[in-house]
Structure formats: structure tokens, C-alpha cells
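In what follows, a single structure is set out as C-alpha cells and then discussed.
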Amino acid sequence: MAENIVWLDFNDAPDQQTHASSDTEALRRGLLDRLEAVLLYLFPHGRIRGGKFYVGDVDGNRGKSLVVVLEGERRGLWKDFATDEGGDVIDLWARSRGLSARHDFPQLADEIRRWLGLAPPFGRAKPSDARSAPVDELGPYTAKWDYLTADGRLIACVYRYDPPTGKEYRPWDVCARMWRAPDPRPLYNLPAVANARDVVLVEGEKAACALIGVGVTATTAMNGARAPAEKTDWTPLIGRHVLIWPDHDAPGWDYAENAARACVTAGAASVAILVPPTDKPDKWDAADAVTDGFDCTEFIRGGERRIVKAAAPVLPTFTLGALLDDDSPLPPDLVAPRVLTPGGLLVFGGAPKVGKSDFLLAWLAHMAAGATFLAMTPPRPLRVFYLQAEVQYHYLRERVKDIRLPPSRIGAARVNFVATPQLRLVLDDAGLAQVIPAIANAFGGEPPDIIAIDPIRNVFDGGDAGGENDNGAMLFFLSQRVERIRQTVNPDAGVILAHHTKKLGKKQFEEDPFQALAGAGSLRGYYSSGMLLYRPDETRTTRQLIFELRNGAAIPSTHVDKIHGEWREVDANERLVMKDYGERLDAERRRKRDAILQILFDEAAQGRCYTANQFAESFEGKAGLGGERTIRERLSALSTQGYIKYFRNAQDYGLPPARTKFGYLCVEGMVLRLPAGEPDPDTGEVTLCELPVLPTHFKCPQSGAALPVENPEVWVYQDDLDDPQEPA
């Protein structure tokens, strides 16, 4: 960045010959010595982060487009990446005051001297407002382009100046009467774009006007290649077929790719980038093409291009007669009866710790084996991709080994079921770039039959709309993220989304259980089927399985339980018998163990660590863990078995000292996420750093003493033997 900043040396300017070089340098040195104070005086809304100072522009608005270097040989140099302007600290002071460092130097130098204490003091000047006077220090403008609304109202002007230092552009916001770009920035030639089907997007107003002159509907983003895509209003291109003509250089192609992504997001019907002819000179653009007599119309019609978004096919329609005459067989259910159909979407919900992931894992393994699971039957062994962000690898492995499949079907399941480790990403553009190739290549080129995402809250991306409880954000996630995965990998794949339910009263749950899903409004209008796992009585392990189908007859709800490691349908009124008591007690201990380990792992990801006492007090009565004493006893047992260890070096993680002989609780693979720096002034987002947490001590199973860990990288477990006297 810094190498692109231009240092303006006022001693070399012709109209500064009367100012002694020593005077200018003394002012510059004085400002550099107190640079941070200078910047905060000029721009109170600015922020200092990572050796640089950030502010929106020379008018002092909030933002981070203008950057000032604070360290090294380039201390004091600045650049505004929105306008491509730059200079040194004296020039920045001048620009913040609406002055010219060359023409107004005596006034500028006097003000700087007073601030530095080299002249009689003066009252503090208020922070600069946006300038409303014409820009005259650059000489007369050499070109002017008007930006109009679709109905022809003037909203902005862009002026070009050609001073000896090189061309410069200045936008004028007509409505605000300020020298700035409107927010958001409009596209050029909107009246013509509003009435066009095909639009050519170029780089700069000069190129756009050249094409307009030969009968082409052309537009550009304000500031051309330097246009910030996120600050530009691309909505006028909704439904248009957009062809981008970039300049013949690297910045031009970068502009084209950024603009293409913005057009796709806005909803353009199709988007493509023209590839400039290889025999053209560097920086060759549409304006040069018109000047050279190049056949622009033919190039636009048949030139080489890279398709970014193809035009959507015409919406299919069916007459009643065609539907009545079509006797072709229905496609077979992926999971019968109509639980999951080809191209269908099933949402599987439940409250936290009800056993969703354990149930889903067993169900998917049976589908991969081609085996029936609780009356749900696949037509054959299905290829299942399990994208999960719920449990770590070791616990996933442990759960898989507990699944009881028919011995004759295990061979099919071994190759048809593919799972990820615990993901730590969201399904935004960057996340999809990792996930889609992994799914596409998981089965040796064969497409998956089922794509399961567990849970969606850990990978949720709702765009700018909000969180998963917002219907608009949920619709964005389903249509722009989940559907993008399916359409890219296999349009006929069935998708299963594991999701949590909100806390509703028992009566409300019984009246409309699927309304308990977070974002239920969008989900229920989008999915083809729903399933809920619900525990009617928290004192019992029996759960109720509830169905909602869009494509088939209703399936009555059923009661299920995990008995002897296998999910079975049970009688809702069946009472516990003594012969099952030991098995159920063991299952409950394992459930509490998994819950405690997962809570410790998840809490660390939120920046929170606990001692044993703090954990017991914080989670008493939560997640079915029981009372404070019971939790302490479970923690003690898990530390004896090696599932939990401790770390005493709290200062290394920015934590207060633990007032206990053991220290803070630690589980395998635990990562502590902590804020790094101040929140972003524009978005409020906080950058997080991830610190792997390694144990320093473990509990000796023989003496109960805290002993040092020999190798914190190697996690050693004791034999997993539950003492029958331990409390459940």
C-alpha cells in the first residue's frame, strides 16, 4: 500500500520558491513528531490500528478509506483508496481545511505554526466540514459527467482536472451540496439502463460515453477501476444481461471480476466479461476502440468472453392437460415414505441436548448402508455427505463405532458415508469455495444422494439481513447458500438441515411444534418435509418423533428411545424395568459426559473458560446436567478418566489466575477465541484470535493429586470404566 503513496515536496513547486526549504521542513518535522496528536486533532472520528491511522476521507467522515502510515520511513504519508489521492502530512492538513498546499501556503503555515506552539496561540478550530466551495486549486475542469436518476433528475457530477501533476477527479453530491460521492454511488446513464435489456459495463465515464456515441447502452461505476463495489448501487442491473468490457491491464480485470460479483449478487439475469484482444496495447479500453475505428458492435456480439452467470432458463409451465396425460412413474423416494424426496429439503429440529446429532448420525449411517431405520427406508445404499460443525473428530469416531448396523450392510456404509471434522467456518463465499469441491469429490466423481448440514447455526450466513431468527436472513441462507451447494453438486440431491428449536411452552409446542424452529416462517415455506425430536418429560429418556410432509400423506408421530446402543420405537407409556436400569443409567452418564465436554469446548470458542466450581455453578440445572453437586462429581470422574485436564498458565491466555489447586478445565482440541484489537468503527465487528489451549496438569487416577503433563500435545485417556457408584 505505502509504495503507491505519492510524496508531495512543496520545495520543488514553482509557486513555493519564496518559502525557505528549512521553514517547510521544520513544519513537517514538527507535525511528524506529534503525528498521532495531529491526526486526532484534524479527524476526531479516526482510529489508530496496527501502525496506521484510518478515517473515511479528508473531510473527517467515519470510515477507513483514507490511510496514514504511522511507522517507518513513510511515517506521515497518506492515501485515500476511494479517490486514489495521496500526499504527506502538510498536504493532508491543507486538504482537511479545504485549502491548497501550494496556493494557500502562507495561511496554512501560519495555522500549523500556531498549533505547534511556534506562534501566538489561537482558539481550537472545529473539525473540518465537507467542503462546499468549488475546487479551484486544480485549475479549470477539462471534462464533466452528469449522473442522473432513471427519471432524469441530476444527483451527482464528476469533474476531471488535468493539473501538471496528472489527471484528478472530483465528485460533487448535488443533493448534499458537498464535494464527495453520494452514498450509495449511482451508476452512470441510468435513464438508458432503465429501458435496456442488455447493458455494457465499462471502466470510467469516458469509455461509457464513447460507446453511447455509437449506439451502445453503456454504464460505469463512479470512480471506474477504483470504484468501491460495496458502496455502489447495482440494483438498476437487476434482470439485465450485463457484459463487462475491462481495460486491457491487470487493474481492469480486477475491476471486472469485482463488478461481476456485485452484478450477480444484485440479481442480473446474466453476467459475462469480455476478454480484450491480446494484440491491443496496455490500458486499451472502449474509448480507444471507438477512436481507432474498432468494430465495437461485433466485438460485443461475438468477442471472447468468460461467463460469470448464465441466463436462467425460461420458467417452465404445464397445462392441466399435460399433467393429466403424463403417466410416467414417480421418482423413488430417497427416504420412504416421502420423508425425503429427490431435490427435497428436510429440516430436522430439536432442543439442545435432546440427542439430535446422535440420532441423525445413526439415521444417516443406515441410509448409507441401505438399511431401514425406524420405518424409514432408502431404495438402495445412498451416498451421504455429512457436513458437521458439532463434534470433534475423536467424539465423532466414538459415536460412529457405537452405531449398530446389520453386518451384511456395513461394507456399503463404509464407502457411502463421508463426514467432515468439526468445521470452523461459515457458508459464505469463502466457505462455499472449500465445501463445494469437498462434496463434489467425496465419492470419486459420483454425486451425493444426501447432503446433511449439522447444525446450521454454526455455519449460518444470512448476508446483511441478520441472524438465523430473522426470516429474511434465513431465506437468504436457504436460497443463496444451501441451494448453491445443491445446484452445483447435484440438483437432485436431498438436503437435511439439523436445526435447533426455540423455547416454547408445552401447550404451544403441542399446538404447532414446527413453529418452534428458529426462522420458522422462511423454513416452513421452503422445506419439503420436517422432523422434530422432542422430549415430553425431562425425567425420562423417551423422545417423541414428529413429522410434517409437503409431498405425501401425514406420518403419525412416534416415540423412540436409545436402548442397548440402538434407536428403537417404544410405547409412550412403557415404564422402566429393572433389567434396563443399568443400561439406561450408563447411557445417561455418557450423555452427561458428552454434554460437559461439548459445553467446555463451545464456551472456549466464545472466549470463556471455567474452573470446576465456576462450571458447576454456571450450568446447574442446564443441559440436563443436574444440580451443582452432581456436576462437580461428574467433573471429578471425567478428570480421573482423562477426558478433562487442567491448565494453570492462565496469564498466557489473558485470563485471571484460577483460585484452585488444579486450574482451569481443559478438553482435547480446545481453542480459546479472544478479541484482538478494538471493534471496527464502521461495522462494529471484532477481530478474534484463536489460541489452542494445552493442558499443564492432569488428575492422577490413583492419588487424585494434580500432576504435571509430560507432553501437552499428546492426550492420554485412562480406561473408560464407569464406577457403578458414580452418580448419574
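Tabulated values for the structure
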quantity	calculated
Within the chain, helix-based [θ] at 222 nm, where runs of 4 or more DSSP H residues each add -39,500 (n - 2.57), nearest 500	-8500 deg cm²/dmol
Contact order normalised by residue count of the stretch 581-708, Cα under 8 Å, 6+ apart, percent	24
Karplus-derived HN-Hα couplings along the stretch 411-417 (A = 6.51, B = -1.76, C = 1.60, θ = phi - 60°), whole Hz, x at Gly and Pro	x, 5, 5, 4, 9, 8, 10
For the stretch 331-337, Karplus couplings with θ = phi - 60° (6.51, -1.76, 1.60), whole Hz, Gly/Pro x	x, x, 4, 5, 9, 8, x
Sparse-neighbour loop sites [trypsin sites (Lys or Arg not before Pro); the stretch 153-189; at most 12 other C-beta within 10 Å; DSSP]	Arg153, Lys167, Arg177
Value of Rg to Rh for the stretch 345-569 (Rh from inverse mean 1/r over Cα pairs, i.e. Kirkwood)	0.94
Helical segments meeting 27 Å axial Cα length and Kyte-Doolittle 0.5 threshold in the chain (DSSP H)	none
Neighbourhood charge, 9 Å Cβ-Cβ cut-off, centred on Gly252 and excluding it, Lys, Arg +1 and Asp, Glu -1	-4
Reciprocal mean inverse distance between Cα atoms of the chain - Kirkwood radius, Å	31.1
Label-point gap, in nm, between Arg197 and Thr630 - each point 7 angstrom along Cα→Cβ	6.9
Debye intensity ratio in log₁₀ form over the Cα atoms of the stretch 184-309, taken at each q of 0.12, 0.13, 0.20 Å⁻¹	-0.36, -0.43, -1.11
Under 5 Å, built H, 5+ apart or other chain: amide partners of Asn189	Leu148
Proximal lysines relative to Lys79, as straight alpha-carbon distance under 19 Å, when same-chain residues fewer than 8 apart are discounted	Lys52, Lys64, Lys167, Lys231
Rel. contact order, % - alpha carbon contacts under 8 angstrom, at least six apart, the stretch 184-309	26
Share, in percent, of DSSP beta bridges within the stretch 443-549 that are antiparallel, nearest 5	65
Under Karplus coefficients 6.51, -1.76 and 1.60, residue-wise ³J(HN,Hα) of the stretch 695-707 in Hz, glycine/proline x	x, 10, 9, 9, 8, 5, x, 8, 9, x, 7, 8, 10
Computed over the stretch 465-552: relative contact order in percent, which uses C-alpha pairs under 8 Å that are six or more apart	23
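Every number here is computed from the coordinates shown, using simple stated rules; none is lab data. The model shown is predicted, which means the values in this text are computed figures rather than measured ones. Neighbour counts are summed over all protein chains in view; Cβ atoms, including those assigned to glycine, are modelled from backbone coordinates with ideal geometry.
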